[in-house]
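Everything on this sheet refers to the single structure shown next.
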Amino acid sequence: MNLKVSEIAKALGTNIDSENIINRVSIDSRDVDENTLFFAIKGERFDGHDFVKDVAEKGVGAVVCHREVECSAPVIYVKDTKDALLDFASYYKSTFKALTLVALTGSVGKTTTKEMVACVMEQSGETLKTEGNFNNEIGMPRTLFRLTDATKNAVIEMGMDGFNQISVLSRCAKPDCAIITNIGVSHIENLGSREGILKAKLEMLDGMEKGSSLFLNGDNDMLSTVKNDDFNIVFFGIENKSCDILAEDIKEIGLSTEFVAVKGDIRQKITIPTVGIHNVYDALSAFAVGLEYGISPENIAKGLMNYAPSGMRQRIREVNGITVIEDCYNASPDSQKAGLNSLCKIAKGRKIAVLGDMLEMGSYSETAHRTVGEYAAQCGVDMLFTYGKESEFMADSAKKSGLNCVFAFTDKAELTSILLNEIKTDDTLLFKASRGMKLEEIIEKIYEQWDVK
C-alpha cells in the first residue's frame, strides 16, 4: 500500500488536504506509526475514538473517525468507521486489476476448504488467504489490506451469524467466484431454519458479477436445489452422480485419503494428507476452482498434497503410543459426525471420543446433541466423554442407543483426571467441541502429564 491521505479521503467520499503517505492500516492504537491510517472503531468494550489523541502523539499518518475528536493528525470524518473500513478495503482491492479473488462460506468446512483452495491457487502464483478468524466485517478488510503487487490470487473466507452479513462482505470483496461448502445447522438460533441459513449463504452472490461461477456441494440436500440462471452453478459431490465434478474410488490409507477427481474426460488421482470423507468434498471444491482458472489437474493434485490442517482443526498426533485427534475449533452435528467417522477409520485400538457442547443451536440444541450421541453409539465408539450442560443430552442418547461406557462432565478437571486414568497404549482419542468450550485445555493438561510439548 502506498496511497496519499487525500486519495483515501476521496475514496471515502470526502476531501482532506494532506499529502501524508499511508502504507498500512490499523484499528489498534498500540500498533501505529507515521505511515499508518488508524480507524477509530467502536467495539463492545473499547471505542477507538478515545485513543485518537494517543495515536496522534505517536505521529500517525491520519485517522478515520465518525465523531468529533481533538487530534493533531489529519482526520477523515465518515458516517460510520466500520462501514468506512469496508469501503476503503473495497477501494484498495479494486486497484488490483489482475487479481483473482475466490470467496467461500458454509456451515462447516470453511477453513479447511480455504486452506486447500489456497494450496491449489499457489500453483499459479502468490496467493493471499484469510488467517485465523479474520472472516467478519472487521477481519476481512484487514485481510484485503495485505494485498501487494506480488499477489496474484486471494482466497477469502466469509463467516456470519445473521442475515445481511455475507452480503456486506461480498459487496466489499467482489469475488470472481465463490464456494458454499454445505448448509447445516450452525447459527440456526439466529436464522430460524436451514432455509434461512441457505438464504443467508446465498447472499454471496450480491457482490459477484453475473456469469461468475458458484461452486456448490451437490450432495447437500439444500444446496442441490439451488438454481440461478444469472450465474454458472457448478456442483461437486460423491453420491449425487449428476454433479459436474465427482470423487470416485475413495480410499483412506493410514492418515491420508486417496480418490479420483472426475470432470468429463478428466480423471485425476488426488491424495490429501488427512482423513475423512468430509475433507474429500473440500478437496473437490479446490479441484473445481483450480480447473476454472486454468491450473492443470496434475498441478492441482500437487497443490493438494501440500495441505496441512490449520490451528486446532483435525490435527493428528502420535503421543506415547496413543493417537490424538485435536479438533477443538468448532462443532456442529455434521462436523461432530465427520469427526467420529475419522476416529473410527484411523483407530487401531479403542476409540475414545471426548465431545463438548455445540453452541448457537438455539431451540434445536437438544435434538442436535441427542443426534450426535446416537451416532456415536452407532458408529462404533468404545467410550464417550462429554463436557458441558448441553452435552448431557448427547451422553443420555448414547447410553439409550447402546453405548455402555459413557461419562458426562461439567467440570474439566474431573473429566481430565478420569480420562487420564482410562487411556491405554494404542487408544485413539478425538477431542471436538465448539470453540467457546475451550476443549484444548483438557488436551494441554494431558500433554502436561505426559511431558509432551
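The values are calculated or read from the model by the stated rules, or taken from the named source; none is laboratory data. Note that this is a predicted model, so its numbers are computed, not measured. All Cβ positions, even for glycine, are placed from backbone atoms using ideal geometry, and neighbour counts span all protein chains on display. Side chains included, ligands, DNA and RNA excluded: accessible areas come from the protein's heavy atoms. Shrake-Rupley method; radii C 1.70, N 1.55, O 1.52, S 1.80 Å.
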For region 298-334, the count of residues that are surrounded by fewer than 17 Cβ atoms within 10 Å (Cβ to Cβ), at pLDDT below 95 and over 19 Å from the mean Cα position of the chain (by Cα) equals 5
Over region 370-387, the set of residues open to solvent by less than 10 Å² (accessible area, probe 1.4 Å) and closer than 19 Å to V185 by Cα is V372, G373, A376
**OP:** Output yes when any residue across region 354-369 is in contact (Cβ under 8 Å) with a residue 40 or more places away in the chain, over 25 Å from H187 (Cα atoms) and not acidic (D, E), and no when none is.
**Re:** no
Pairs returned, first residue in region 266-278 that is within 13 Å of K251 (Cβ to Cβ), second residue that is basic (K, R), beta-carbon separation under 6 angstrom, 6 or more apart or interchain, are V275/K345
Considering region 110-141, residues that are within 21 Å of G294 (Cβ to Cβ) and basic (K, R), and then whichever is surrounded by the most Cβ atoms within 10 Å (Cβ to Cβ), we arrive at K114
Flagged in region 235-259 as surrounded by 14 or more Cβ atoms within 10 Å (Cβ to Cβ), in a loop (DSSP other than H, G, I, E, B) and modelled with pLDDT of 95 or more, in numbering order, are I238, N240, C243, D244
Residue in region 430-452 that is closer than 16 Å to T323 by Cα, acidic (D, E), touching a strand residue (DSSP E or B) at 6+ places or on another chain (Cβ under 6 Å) and open to solvent by less than 60 Å² (accessible area, probe 1.4 Å) present | no
Per the list (1) buried (at least 22 other Cβ atoms within 10 Å of the Cβ); (2) among the polar types (S, T, N, Q); (3) farther than 22 Å from A368 by Cα, residue check on T425 breaks on (1)
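Tally up the residues in region 410-453 that are within 19 Å of N330 (Cα to Cα) and either assigned to a loop (DSSP other than H, G, I, E, B) or not acidic (D, E) (or both), please. Can you show your working first?
Of region 410-453, the ones within 19 Å of N330 (Cα to Cα) are 410, 412, 429-444.
Now restrict to residues that are either assigned to a loop (DSSP other than H, G, I, E, B) or not acidic (D, E) (or both): 410, 412, 429-439, 442-443.
Of the residues in that region, 15 qualify.
What about K269, is it open to solvent by 20 Å² or more (accessible area, probe 1.4 Å), part of a strand (DSSP E or B) and either of a type in the set (K, R) or under 22 Å from T105 (Cα atoms) (or both)?
Working: open to solvent by 20 Å² or more (accessible area, probe 1.4 Å): yes; part of a strand (DSSP E or B): yes; either of a type in the set (K, R) or under 22 Å from T105 (Cα atoms) (or both): yes.
Taking the combined requirement at face value, the residue satisfies it.
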Selection from region 224-271 of residues under 14 Å from P297 (Cβ atoms) and hydrophobic (A, V, I, L, M, F, W, C) yields I245, L246, A247, F259, V260, A261, V262, I266, I270
Every listed condition ((1) over 18 Å from K110 (Cα atoms); (2) open to solvent by less than 20 Å² (accessible area, probe 1.4 Å)) holds for F287 save (1)
(request) May I ask you to verify whether M160 is over 30 Å from I16 (Cβ atoms) and under 15 Å from the mean Cα position of the chain (by Cα)? (result) yes
| Verdict on D426 being of a type in the set (D, E) and touching a residue at least 24 places away in the same chain (Cβ under 8 Å) | yes
Of (1) more than 25 Å from D161 (Cα to Cα); (2) of a type in the set (A, V, I, L, M, F, W, C); (3) touching a helix residue (DSSP H, G or I) at 6+ places or on another chain (Cβ under 8 Å); (4) open to solvent by less than 20 Å² (accessible area, probe 1.4 Å), L343 satisfies every one except (3)
How many residues of region 215-234 are of a type outside the set (A, V, I, L, M, F, W, C) and open to solvent by less than 40 Å² (accessible area, probe 1.4 Å)? The answer is 3
Those residues of region 59-68 which are in contact with a Phe, Trp or Tyr (Cβ under 9 Å, 6 or more places away or on another chain) and of a type outside the set (D, E) amount to V60, G61, A62, V63, V64, C65, H66, R67
Expected output for region 188-206 (first residue farther than 15 Å from S170 by Cα, partner among the small types (G, A, S) and surrounded by 21 or more Cβ atoms within 10 Å (Cβ to Cβ), Cβ below 7 Å, 6+ apart or cross-chain) is L191/A200; I197/S107
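Please specify each residue of region 200-225 satisfying the condition of being over 19 Å from the mean Cα position of the chain (by Cα) and within 30 Å of A84 (Cα to Cα).
Let us first name the residues in region 200-225 that are over 19 Å from the mean Cα position of the chain (by Cα), namely 206-213, 218-219, 221-222, 224-225.
Scanning region 200-225 gives D206, G207, M208, E209, K210, G211, S212, S213.
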Apart from one, (1) open to solvent by 30 Å² or more (accessible area, probe 1.4 Å); (2) touching a helix residue (DSSP H, G or I) at 6+ places or on another chain (Cβ under 6 Å) all hold for T367; the odd one out is (2)
Checked against (1) modelled with pLDDT under 95; (2) open to solvent by 20 Å² or more (accessible area, probe 1.4 Å), T100 satisfies every condition except (1)
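Restricting attention to region 275-284, does a residue exist that is in a helix (DSSP H, G or I), open to solvent by 40 Å² or more (accessible area, probe 1.4 Å), closer than 25 Å to D161 by Cβ and modelled with pLDDT of 95 or more?
Kept after step one, since they are in a helix (DSSP H, G or I), are these residues of region 275-284: 277-284.
Filter once more, keeping what is open to solvent by 40 Å² or more (accessible area, probe 1.4 Å): 277-278, 281.
Pick out the ones that are also closer than 25 Å to D161 by Cβ and you get 278, 281.
Subset that is modelled with pLDDT of 95 or more: 281.
Within region 275-284 (the criterion being in a helix (DSSP H, G or I), open to solvent by 40 Å² or more (accessible area, probe 1.4 Å), closer than 25 Å to D161 by Cβ and modelled with pLDDT of 95 or more), the answer is yes, since at least one residue qualifies.
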